[in-house]
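*Asks:* Just passing along the structure, written as structure tokens.
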Amino acid sequence: MSKMWRRLLPMLMVSTLASAQTVIDDTGNHVEISKPAMHIADAWFAHHSLLMTLGAGDRIVATVNHPADRPWMFKVQPSLNQALQAKGKTFASEALVVRHVDAIFVPANDPDAESYRLAGIPVLAMNFDDFASMKRSLITTAQVVGTPEAAKRAEAYNRYLDQHIADISGKTAGLSEAQRPRVLHIQSLHPLKVDGRDTLIDTWINLAGGRNVAAGIVGNMKPISPEEVIRWNPDVIIIGAGAGSLADSDFKTLFASVKAVQQHRVWQNPAGVFPWDRYGTEVALQIQWAAKQLHPALFPQLDLVSATQAFYRQFYDYSLTANDAQRILQALPPE
């Protein structure tokens, strides 16, 4: 243990014990944190969007995200440019102590969590794989932020999500199996990885009126063979932002016989602060986009540009131009 570490650790412990509250994280751990947590480290890429939704993005003093990978996140929340940016997924505990970190959010089963705990930093392990657990995570995060405003914003977001789930399911729940397109969600083209059941991706595919052809596989980002895609023969292929284009991939010719390719129903997923299809609050926009894409006749009044602008204004306190919103919908970076 370095001399600086021995000097800083008692200071951190005194700070943590003052005005502490107990929060139960997503894995059931009871965690004592300062109230409110003013300096936050975030080791889960997607979780940043939850803090931003709560109006607490400016409290992030250490991040695993980078402007080259998440240009919209850093444009919408420019204070992240002053945060400590991890190389990879791990922070040096001493660097967090120097930044007076009150709490750190980590993904469940993060191997670095114990080292943060040993440094005296309150660790909150976060995990969600459906709408209900994401809403719970948002409320837990608001407790850590520790302000009435954060609590109100968590409630407002959860109401917004619930309302759009209800509106969409009201139109898609009655669809027959034959009316539901068979959808494949590709997370990575090189190597080829897809998202199966028991995931948030599977949840929004079904809500939007589709069927996940990879439902026989459990979990996210599962490697498969190209032959499996040909065997499944999906009606629709959705490719995650950052995965590249199918037309520019090694599978362009191989997948030429696939129904989705023949019918020109290969779509790039939108990406803003975080990829909409994955584990951030923009999943509330994802379900609207997916429903409109799969069943445009059921949602003739849904204007995705306006919906995106309204969402960013309400939950990220940021005014998007119509062109900004279009670029997000096309998974393009800011101009």
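The values are calculated or read from the model by the stated rules, or taken from the named source; none is laboratory data. Quantities reported herein were computed from a predicted structural model and do not represent experimental measurements. As a convention, Cβ positions derive from the backbone with ideal geometry for all residues, glycine included, and neighbour counts pool all protein chains shown.
Okay, residues lined up against (1) free of Cβ contacts under 8 Å to residues at least 40 places away in the same chain; (2) within 20 Å of ASP277 (Cα to Cα):
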site	(1), (2)
PRO67	yes, yes
GLN85	yes, no
ALA92	yes, no
VAL98	no, no
THR140	no, no
LYS152	yes, no
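*Asks:* I need a count of the residues in segment 49-65 that are in contact with a Leu (Cβ under 8 Å, 6 or more places away or on another chain) and closer than 17 Å to LEU96 by Cβ.
*Replies:* First pass over segment 49-65, keeping only residues in contact with a Leu (Cβ under 8 Å, 6 or more places away or on another chain): 50, 53-54, 57, 59-63, 65.
Then drop every residue that is not closer than 17 Å to LEU96 by Cβ, which leaves 59-63, 65.
Residues flagged as in contact with a Leu (Cβ under 8 Å, 6 or more places away or on another chain) and closer than 17 Å to LEU96 by Cβ within segment 49-65 amount to 6.
*Asks:* While we're on this one: Can you name every residue in segment 241-275 that is within 28 Å of LEU51 (Cα to Cα) and either without any contact (Cβ under 8 Å) to a residue 24 or more places away in the chain or among the β-branched types (Val, Ile, Thr) (or both)?
*Replies:* VAL273
*Asks:* For residues in segment 250-297 being of a type in the set (Phe, Trp, Tyr) and more than 11 Å from the chain's Cα centre (by Cα), which is surrounded by the most Cβ atoms within 10 Å (Cβ to Cβ)? It would help to see each step written out before you state the result.
*Replies:* Within segment 250-297, the subset of a type in the set (Phe, Trp, Tyr) is 251, 255, 267, 274, 276, 279, 289.
Subsequent filtering for residues that are more than 11 Å from the chain's Cα centre (by Cα) retains 251, 255, 267, 289.
Working: PHE251: 19, PHE255: 20, TRP267: 18, TRP289: 23.
Within segment 250-297, the match that is surrounded by the most Cβ atoms within 10 Å (Cβ to Cβ) is TRP289.
*Asks:* How many residues does segment 241-251 contain that are under 16 Å from ARG265 (Cβ atoms) and in a loop (DSSP other than H, G, I, E, B)? Explain how you work it out, then say what you get.
*Replies:* Keep residues of segment 241-251 that are under 16 Å from ARG265 (Cβ atoms), which gives 245-247, 251.
Now restrict to residues that are in a loop (DSSP other than H, G, I, E, B): 245, 251.
Residues in segment 241-251 being under 16 Å from ARG265 (Cβ atoms) and in a loop (DSSP other than H, G, I, E, B): 2 in total.
*Asks:* Please determine, by comparing only the residues of segment 26-48 that are under 13 Å from ALA103 (Cβ atoms) and among the small types (Gly, Ala, Ser), which one is surrounded by the most Cβ atoms within 10 Å (Cβ to Cβ).
*Replies:* Step one: filter segment 26-48 for residues under 13 Å from ALA103 (Cβ atoms), giving 29, 31-44, 47.
Checking the rest, the ones that are also among the small types (Gly, Ala, Ser) come to 34, 37, 41, 43.
Working: SER34: 21, ALA37: 26, ALA41: 28, ALA43: 23.
Only one residue fits best here, namely ALA41.
*Asks:* With respect to ASP303, determine if the residue is at positive phi and not basic (Lys, Arg).
*Replies:* Numbers: at positive phi: no; not basic (Lys, Arg): yes.
No, not satisfied.
*Asks:* Let me ask you something else. How many of the residues making up segment 303-321 are outside any helix (DSSP H, G or I) and surrounded by fewer than 16 Cβ atoms within 10 Å (Cβ to Cβ)?
*Replies:* Final tally of qualifying residues: 4.
*Asks:* Take segment 197-230 and flag every residue that is in contact with an Asp or Glu (Cβ under 9 Å, 6 or more places away or on another chain), assigned to a loop (DSSP other than H, G, I, E, B) and more than 19 Å from VAL258 (Cα to Cα). Break it down into steps so the answer makes sense when it comes.
*Replies:* Our first condition is that a residue be in contact with an Asp or Glu (Cβ under 9 Å, 6 or more places away or on another chain); within segment 197-230, this holds for 198-205, 210-215, 217-222, 226.
When the remaining residues are screened for being assigned to a loop (DSSP other than H, G, I, E, B), the result is 198-199, 210, 213-215, 217, 219-221.
Correct list: ASP198, THR199, ILE217, GLY219, ASN220, MET221.
*Asks:* Name the residue that is surrounded by the fewest Cβ atoms within 10 Å (Cβ to Cβ), counting only residues in segment 88-117 that are in a loop (DSSP other than H, G, I, E, B) and within 20 Å of the chain's Cα centre (by Cα).
*Replies:* In the first step, residues of segment 88-117 are kept if they are in a loop (DSSP other than H, G, I, E, B); the result is 88-92, 99-102, 108-112.
Cutting the leftovers down to within 20 Å of the chain's Cα centre (by Cα) gives us 88-90, 108-110.
Numbers: GLY88: 7, LYS89: 14, THR90: 14, ALA108: 13, ASN109: 9, ASP110: 19.
Among them, the one singled out is GLY88.
*Asks:* Something else about it: Among the residues of segment 252-275 satisfying the criterion of being part of a loop (DSSP other than H, G, I, E, B) and β-branched (Val, Ile, Thr), which is modelled with the lowest pLDDT? Break it down into steps so the answer makes sense when it comes.
*Replies:* The initial filter retains those residues of segment 252-275 that are part of a loop (DSSP other than H, G, I, E, B), namely 252-258, 263-265, 269-270, 272-274.
If we keep only those that are β-branched (Val, Ile, Thr) too, we end up with 253, 258, 273.
Numbers: THR253: 89, VAL258: 96, VAL273: 98.
Across segment 252-275, the extreme among qualifying residues is THR253.
*Asks:* Going by the structure shown, is SER169 surrounded by fewer than 16 Cβ atoms within 10 Å (Cβ to Cβ), hydroxyl-bearing (Ser, Thr, Tyr) and not assigned by TED's automatic domain parsing to the domain that holds ASP26? Spell out the reasoning first.
*Replies:* Numbers: surrounded by fewer than 16 Cβ atoms within 10 Å (Cβ to Cβ): no; hydroxyl-bearing (Ser, Thr, Tyr): yes; not assigned by TED's automatic domain parsing to the domain that holds ASP26: yes.
Against the criterion (surrounded by fewer than 16 Cβ atoms within 10 Å (Cβ to Cβ), hydroxyl-bearing (Ser, Thr, Tyr) and not assigned by TED's automatic domain parsing to the domain that holds ASP26), SER169 does not qualify.
Okay, residues lined up against (1) under 15 Å from THR27 (Cβ atoms); (2) in contact (Cβ under 8 Å) with a residue 60 or more places away in the chain; (3) crowded, with 20+ Cβ neighbours inside 10 Å; (4) touching a strand residue (DSSP E or B) at 6+ places or on another chain (Cβ under 7 Å):
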| position | (1), (2), (3), (4) |
| --- | --- |
| ALA119 | no, yes, yes, no |
| VAL123 | yes, yes, yes, yes |
| MET126 | yes, yes, yes, yes |
| PHE131 | no, yes, no, no |
| TYR160 | no, yes, no, no |
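*Asks:* Could you please find all residues in segment 231-240 being surrounded by 15 or more Cβ atoms within 10 Å (Cβ to Cβ) and either without any contact (Cβ under 8 Å) to a residue 12 or more places away in the chain or outside any loop (DSSP other than H, G, I, E, B) (or both)?
*Replies:* TRP232, VAL236, ILE237, ILE238, ILE239
*Asks:* A further question on this structure: Tally the residues that are assigned to a helix (DSSP H, G or I) and touching a helix residue (DSSP H, G or I) at 6+ places or on another chain (Cβ under 8 Å), restricting the search to segment 76-87.
*Replies:* Step one: list which residues in segment 76-87 are assigned to a helix (DSSP H, G or I), which gives 76, 78-82.
In the following step, the residues that additionally are touching a helix residue (DSSP H, G or I) at 6+ places or on another chain (Cβ under 8 Å) were identified as 76, 79-81.
Final tally of qualifying residues: 4.
*Asks:* Could you check segment 118-142 and list, in sequence order, the residues that are in a helix (DSSP H, G or I) and among the aliphatic types (A, V, I, L, M)?
*Replies:* Taking segment 118-142 as the starting set, the residues that turn out to be in a helix (DSSP H, G or I) are 118, 131-142.
If the condition is that a residue be in a helix (DSSP H, G or I) and among the aliphatic types (A, V, I, L, M), then LEU118, ALA132, MET134, LEU138, ILE139, ALA142 are the ones that fit.
*Asks:* What tally of residues in segment 46-75 results from selecting those that are part of a helix (DSSP H, G or I) and either closer than 18 Å to PHE128 by Cβ or not assigned by TED's automatic domain parsing to the domain that holds ASP112 (or both)?
*Replies:* Here is the first cut: in segment 46-75, the ones part of a helix (DSSP H, G or I) are 46-53, 57-59, 71-75.
Next, from what is left, pick out any that are either closer than 18 Å to PHE128 by Cβ or not assigned by TED's automatic domain parsing to the domain that holds ASP112 (or both): 46-53.
The total comes to 8.
*Asks:* Return the residues of segment 43-97 that are among the small types (Gly, Ala, Ser) and in contact with a strand residue (DSSP E or B) (Cβ under 8 Å, 6 or more places away or on another chain); say none if nothing qualifies. Please lay out each step first, then the result.
*Replies:* So the first thing to find is which residues in segment 43-97 are among the small types (Gly, Ala, Ser), and the list is 43, 46, 49, 55-57, 62, 68, 79, 83, 86, 88, 92-93, 95.
Those that are among the small types (Gly, Ala, Ser) and in contact with a strand residue (DSSP E or B) (Cβ under 8 Å, 6 or more places away or on another chain): ALA43, ALA56, ALA62, SER79, ALA83, ALA86, ALA95.
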